[in-house]
1. Tell me, what % of the accessible area of the stretch 4-117 is carbon and sulfur with a 1.4 angstrom probe?
2. For a quick check, take a GNM of the chain with Cα springs below 10 Å and name the residue from T76, T104, T112 with the largest mean-square fluctuation.
3. Answer with one residue from T81, Y40, A107: the one whose Cα lies farthest towards the positive end of the charge dipole of the chain, charges on Cβ with Lys, Arg +1 and Asp, Glu -1.
4. Can you pull out the cysteines in the chain that have no other Cys Cβ under 4.7 Å?
5. Rounded to the nearest 20 debye, what is the charge dipole size of the stretch 4-117 about its Cα centre when +1 sits on each Lys and Arg Cβ and -1 on each Asp and Glu Cβ?
6. With every protein chain left in place, what is the accessible area per residue of the chain in square angstrom, probe 1.4 Å?
7. When a/c reaches 1.5 or more, the comparison of a/b and b/c decides; with that in mind, is the stretch 4-117 rounded, prolate or oblate per its Cα gyration tensor?
Amino acid sequence: MPYTTYHASCHCGDVRFEADVDLSAGTTKCNCTYCFKNRYWSLSVFPDRFREIASPNVAKSGSLTPGRCARCGVLTFARVTATDWNPVDHVAISVAAFDDIDPTDLASAPVTHCDGLHDNWWAAPAEVRHL
Ligand SMILES: [Zn+2]
Ligand SMILES: [Zn+2]
């Protein structure tokens, strides 16, 4: 699988990181109130493919809530620890944090939709175009 290193930041630049991403591995959109209201479009990488450069004020561990910059409020990333329903540690990244991703490549990435609004995380909602 082809990995590309992308560089990422929040709006104000306090949070910066890079990640080795295989876009063909896919991205996720969810209709739960958290994801939908944040316009959260994400992908996951293993921790060894993620490098923090600066993240002074972002939640870093033990959270399912994506990290949010304390200064500008933009969602960037969160380290997600393994649970019984999530078998591996990973880093969830908002694709909007990437500064040097090609829009066409991003638009071509596969998207898995989750019906989180109805606690039916492993199925797609009936409507996904608004996500
Ligand atoms: Zn910021
Ligand atoms: Zn969600």
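The values are calculated or read from the model by the stated rules, or taken from the named source; none is laboratory data. Values in this document were obtained by computation on a predicted structure and should not be read as measured data. Ideal geometry is used to build each Cβ from the backbone, glycine not excepted, and the neighbour counts take in all protein chains shown. Side chains are part of the model used for accessible areas, which takes the heavy atoms of the whole protein and leaves out ligands, DNA and RNA. Shrake-Rupley method; radii C 1.70, N 1.55, O 1.52, S 1.80 Å.
1. Looking at the stretch 4-117 in its full context, I get 52 percent from C and S.
2. Most flexible of the set in this elastic network: T104.
3. It is Y40, whose Cα lies furthest towards the positive end.
4. C32
5. Values: 10 positive and 13 negative charges, 102 e Å.
The calculation lands at about 500 debye.
6. Result: 56 Å² of accessible area for each residue.
7. Values: a/c = 1.23, a/b = 1.08, b/c = 1.14.
Cα axes put the stretch 4-117 in the rounded bin.
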